[in-house]
Number of protein chains: 4
Amino acid sequence: MAHDHGKWGCACWGADDQIGAANLITPAKRRAALRSIDNAKLYDLSQVTDAGAPFMRPNQPPFLLMMWSTWRDAIARRRRIGITNDAGSNVERVEMTMHVGTHIDALGHVSKGDRLYNNRPAADTLGDWGLAALGIEQAPPMITRGLLLDVAGLDGGDHLGPGRVVTPEELAATAAAAGLAIEPGDIVLIRTGWGRHYGTDNARYLEGEPGIDVPAARWLTAQGVVAIGCDNMAVEVLPNPDHTRALPVHQHALAEAGVYLIENLALDDLARDKVTSFCLLILPPKIRGGTGAPVRPVAVV
Amino acid sequence: MAHDHGKWGCACWGADDQIGAANLITPAKRRAALRSIDNAKLYDLSQVTDAGAPFMRPNQPPFLLMMWSTWRDAIARRRRIGITNDAGSNVERVEMTMHVGTHIDALGHVSKGDRLYNNRPAADTLGDWGLAALGIEQAPPMITRGLLLDVAGLDGGDHLGPGRVVTPEELAATAAAAGLAIEPGDIVLIRTGWGRHYGTDNARYLEGEPGIDVPAARWLTAQGVVAIGCDNMAVEVLPNPDHTRALPVHQHALAEAGVYLIENLALDDLARDKVTSFCLLILPPKIRGGTGAPVRPVAVV
Amino acid sequence: MAHDHGKWGCACWGADDQIGAANLITPAKRRAALRSIDNAKLYDLSQVTDAGAPFMRPNQPPFLLMMWSTWRDAIARRRRIGITNDAGSNVERVEMTMHVGTHIDALGHVSKGDRLYNNRPAADTLGDWGLAALGIEQAPPMITRGLLLDVAGLDGGDHLGPGRVVTPEELAATAAAAGLAIEPGDIVLIRTGWGRHYGTDNARYLEGEPGIDVPAARWLTAQGVVAIGCDNMAVEVLPNPDHTRALPVHQHALAEAGVYLIENLALDDLARDKVTSFCLLILPPKIRGGTGAPVRPVAVV
Amino acid sequence: MAHDHGKWGCACWGADDQIGAANLITPAKRRAALRSIDNAKLYDLSQVTDAGAPFMRPNQPPFLLMMWSTWRDAIARRRRIGITNDAGSNVERVEMTMHVGTHIDALGHVSKGDRLYNNRPAADTLGDWGLAALGIEQAPPMITRGLLLDVAGLDGGDHLGPGRVVTPEELAATAAAAGLAIEPGDIVLIRTGWGRHYGTDNARYLEGEPGIDVPAARWLTAQGVVAIGCDNMAVEVLPNPDHTRALPVHQHALAEAGVYLIENLALDDLARDKVTSFCLLILPPKIRGGTGAPVRPVAVV
């Protein structure tokens, strides 16, 4: 696990950089990930998003979907202007934040004081209609090696409990046991087993969660990971053991290290099949100025 | 171009089927597409979505993005409850339809009279909060071969004009000239050159568009394509030459053939590099009941 | 309490009528109400609407208010185009139904089967973008006599309990005790004491409520009331004692009798001062096609 | 027209004051206005709000109304849980700012630099979810004398043109010709004739408008008016003759003088009947933290 603390885990791609650790997905890295594919078996790593998706009050509002155009009325409108083929358009209206369901955080999502990633002043970067820089439209398509670190069983059950801090040592041991060596450009997915409560018991899902704290985040970012994903709401442990801190892993990963966070993942299928290394595909829709985006991460082996 | 009219271009995967022609992406088809990748060069085929994205009144409402939580206020809220690490959360609120920017249509998007794909009664399928079946969460990740049919220059310029119907014969000739044979499970992307007006001259982009009509759509679906994409708003020619018909290609593709439509694509980079065959990745976020989803289609060669 | 069952409590103002019992507010009625004012003391009968306002899932979505334009960013935008007087515009975006906070129901709010008020077919009247008839923009300004029937103490406490049906006999006795005779064109406000839970204990406010059932509603509409208001969510008792019926009072009042309902009223100040007869002002904003509107009802004595 | 420049046209009701010139509507003032009513004839001074309502980009977003619950689906949902009386609930979802259609501005709507009315720091007052002070829920019901100053014919036509500044001298002459003397606690409505374009020719309505500039605003506020209304989008002339200034009348009225602005009024009926003095009723719904509210102003004579 050789790595260079001066090179990763920090903003080190120039003053104009907006993509952070995604710089580490070189063409060679992408090629290697794609070439590792064998049978092209596919794992869908996403939860379904609907009005029952969990959200964290008050900083997140609920997801709502309703209809803007419905087939009956669209047909009637069209008949009134002489259209006879009765094409009934169903078109919804969605009110949402980008942080609902399975999603990826943009680097501009969380500040450290008045600074965003790469020392950008938040005051100049965030406007009324989104991020003028570091928005999710800057994030490139991510095709790289993904690794699963399944720590769900560490405490002897099938999932960790809320507030349970996953340590760097535990991550290292889990990786070693699976024969995995984290390399620059990798995306690491951590399975805590907490995803079982997503949408089935939101109250429990949200009252806290197992996850990493800053030490494990630093351990990962120092090795050059592009993103850290987890089967929970925030990747990081909630509540933080230090009650004077909120979202410190977000601050380190996004604002300091330029490392993306992927939340509300569905990792049970990978774990069931003991798939720990795979080609991972994450393609965030380009919502300009968005602080994140809904995604459909897929693992291919 | 042997094909079986009885097999594709119709709903033929059983009464319970909800994924239509995506059934044609077999593991072997996906594997072949992935194995065709050489250097892993990547083409981003999506436009950026923002409040300036074109939309078709009145059946589509505008995209709006505003802020729900901003760093300054989030920090102030957290300080009031004893948090001292000043994590400033930027979280937006988006009001949108799924049919804005580069997106894929769900099979339940358009009806033929009171029927949706696979003869499902629209009255039983569409409710106040979306599609109970045929929603975009049913669409599988699409990893398959993509083909570019670049017809932009057919009229001697660099793009076709609004109302210009692209015929099956023109598609066939374009494919033949590029040495392409459409096969079941392929996704065909048609470049008309109209995408140049997306977001730069929305009035023009929306006043009409070049595209296919039903004959070309039938020609494609009969060959077993999974989806048809285009660098315009609706895939199909607008206005339809027959002014008594609206969205007949949508009706045929979605409701009859179970073939997806992908709209507002950015295809200029592929055309510039004369890339006509590629591994295409389309991963629609699983918005339950959604009549479509924003996507970030990527071609890899 | 002479009244004519053939005249009121039914749709009896012609086939084109869209205002129902508001027809009973004649100029003379309005004049009399205004002339009854003595010191012009004013009672505000409305609750405050915010994100903490109660709403009934799933048929009502939550109220959300966020900012579209904020002073800092507006000033910055204006400076960039040469404006120097630093006018900072604060403009919100609200996502709401009209049935939140203190509001009035439009006659088209609830159907009886496939019929709305005045036997209008719901299928022809409700479209994707609201009511083509019977919307709240049809409701005239209401300036008429208001009567308070304070039944909060009927069970010996300071409020009635959830599920408690208020009978016509109790209303009649309450009116008689206060020396009140209901007359055509009046608006009757019923105080149950349940309003104390509005916004302070929404779970309780919504788990049920005291209120009238159909017999009391018929008793009121037969006397020619224009509207019935209450300090609860639905005017009517919830849950209905007959568990096979939902909103029967809404059906009778709105769809049969053309009588408006006013919900989530704040009636404690009137009760404290024992004000039972007053000039009542209700001025619904004209939201075209709206199924209701937020209002600020005011009593003047 | 005796008045005291030290008393009105400035914030002079104490450091905690949040209602500004509404303090001038004393019980005696309200009583006098109500007692002036003769036949109780009513004039509705509001426009209808719908998706065709004009709005000023980019600082205002469009009004949208769609359905959240529709009768057919509500009946179906209820039948599934054993309800048999087929109450079909029609409930809309509205996405709007408070500054659409006929509305009143809250005192916290526009800042003068970093200060709102009464020298309140905007930074402390405006949060992510609205105004912590000076929101529209603070505005009291307004029942007072209204005066119409009809300047529409000043240039010999039936309306003034865009950019036409209405001067204090013209207002004074118009008042004098009508025999009107402005008194503290009055609300002055100015008719320019521009309202004819509301909703009928929005492009013209918004490309500019006739209205007052700061001198006329100061002349009015110095006389103790509570609010200034107009049949245009912003009360004030647009564009301002001084192109380096935006919304200076808003700054003076709202932020300096604590005087409310009422916009998009419908004043033609009053003018037709030459009604220049009346009892004016404005009852803003209490939307907490709102920067304004839709209203249904009514004049009664």
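Please treat every number below as a calculation from the coordinates, not as lab data. Just so it is clear, the model here is predicted, and its values are computed rather than measured. Note that each Cβ is placed from the backbone with ideal geometry, even for glycine, and that neighbours are counted across all protein chains shown.
Table for the structure above
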{"read-out": "Inter-copy spacing of residue D:203 label points, which lie 7 Å from Cα along Cα→Cβ, given in nm from shortest upward", "value": "0.7, 5.6, 5.7"}
{"read-out": "Whole-Å distance, taken between Cα centres, linking the stretch D:59-117 and the stretch C:11-90", "value": "11"}
{"read-out": "Order of D:267, C:34 under a 10 Å beta carbon neighbour criterion, fewest first", "value": "C:34, D:267"}
{"read-out": "Protection-proxy order for peptides D:36-44, C:244-252, each taking the mean of Cβ atoms within 10 Å per residue, highest first", "value": "C:244-252, D:36-44"}
{"read-out": "Partners for residue B:112 among lysines (Cα-Cα distance below 21 Å; same-chain residues under 8 apart left out)", "value": "B:7"}
{"read-out": "Inter-copy label distances at residue B:13 (7 Å, Cα→Cβ; nm, one decimal)", "value": "3.6, 5.6, 6.6"}
{"read-out": "Length-normalised contact order of the stretch A:149-219 in % [C-alpha pairs under 8 Å, at least 6 apart]", "value": "47"}
{"read-out": "Cα-centre dipole for chain C with unit charges at Cβ (Lys and Arg positive, Asp and Glu negative), debye to 20", "value": "1040"}
{"read-out": "Among beta bridges that DSSP assigns inside the stretch C:110-238, antiparallel share in %, nearest 5", "value": "35"}
{"read-out": "Order of C:66, A:233, B:56 under a 10 Å beta carbon neighbour criterion, fewest first", "value": "B:56, C:66, A:233"}
{"read-out": "Under Karplus coefficients 6.51, -1.76 and 1.60, residue-wise ³J(HN,Hα) of the stretch D:98-107 in Hz, glycine/proline x", "value": "6, 9, 10, x, 6, 8, 10, 7, 6, 5"}
{"read-out": "Residue-wise HN-Hα coupling along the stretch C:190-206, computed from phi with Karplus coefficients 6.51, -1.76, 1.60 (Hz; x: Gly, Pro)", "value": "10, 9, 9, x, 6, x, 4, 8, 4, x, 9, 8, 4, 4, 6, 3, 9"}
{"read-out": "Amide H within-cut-off set for residue B:222, under 5 Å, with H built and near neighbours excluded", "value": "none"}
{"read-out": "Helix axis angle, A:168-177 relative to chain A longest principal axis, alpha carbon, degrees", "value": "90"}
{"read-out": "DSSP beta bridge pairing in the protein assembly as shown, given as percent antiparallel to the nearest 5", "value": "70"}
{"read-out": "Cα principal axis extents for the stretch A:132-199, largest first, Å", "value": "45, 33, 17"}
{"read-out": "Shape of the stretch D:1-89, Cα gyration tensor, a/c cut at 1.5", "value": "prolate"}
{"read-out": "Average partner coverage of B:137-149, which counts Cβ from other chains inside 10 Å", "value": "2"}
{"read-out": "Straight-distance crosslink candidates among lysines, where the alpha carbon sits under 19 Å from residue B:41 and sequence neighbours closer than 8 are dropped", "value": "A:29, B:274"}
{"read-out": "Charge dipole magnitude, Cβ of K and R +1, D and E -1 - the stretch B:1-95, Cα centre, debye nearest 20", "value": "380"}
{"read-out": "Overall form of the stretch C:186-292 per C-alpha gyration tensor (a/c, 1.5; a/b vs b/c)", "value": "rounded"}
{"read-out": "Cα gyration tensor shape for the stretch A:83-181, rounded if a/c is under 1.5, else prolate or oblate", "value": "oblate"}
{"read-out": "The protein assembly as shown pair-distance distribution - Cα-Cα, 10 Å bins, rounded %", "value": "2, 10, 17, 20, 20, 16, 10, 5, 1, 0"}
{"read-out": "Simple Cβ-charge dipole of the stretch C:89-187, Lys/Arg +1 and Asp/Glu -1, about Cα centre, in debye nearest 20", "value": "200"}
{"read-out": "Two-decimal Rg/Rh across chain A, once Rg and the Kirkwood Rh are taken from alpha-carbon atoms", "value": "1.01"}
{"read-out": "Between 0 and 90°, nearest 10: helix A:71-80 axis offset from chain A longest Cα axis", "value": "40"}
{"read-out": "Fraction of beta bridges assigned by DSSP in chain D that are antiparallel (%, nearest 5)", "value": "65"}
{"read-out": "Built amide H within the under 5 Å cut-off of residue C:68, gap 5+", "value": "C:91, C:92, C:93"}
{"read-out": "Per-residue average of Cβ from other chains inside 10 Å of C:73-79", "value": "5"}
{"read-out": "Label spacing, shortest first and in nm, from residue C:124 to its equivalents in the remaining copies (7 angstrom along Cα→Cβ)", "value": "2.9, 6.1, 6.3"}
{"read-out": "Mean Cβ count within 10 Å, highest first, over the residues of peptides B:220-229, B:125-134, D:128-137", "value": "B:220-229, D:128-137, B:125-134"}
{"read-out": "Neighbour-count order for D:147, D:254, fewest beta carbons within 10 angstrom listed first", "value": "D:147, D:254"}
{"read-out": "Shielding of A:38-47 by partner chains, average beta-carbon count, 10 Å", "value": "4"}
{"read-out": "Under 5 Å, built H, 5+ apart or other chain: amide partners of residue B:190", "value": "B:149, B:229, B:230, B:231"}
{"read-out": "For the stretch A:152-167, 3J(HN,Hα) per residue [Karplus equation, 6.51 cos²θ - 1.76 cosθ + 1.60, θ = phi - 60°, Hz, x = Gly/Pro]", "value": "4, x, 4, 9, x, x, 9, 7, 7, x, x, x, 6, 7, 8, 8"}
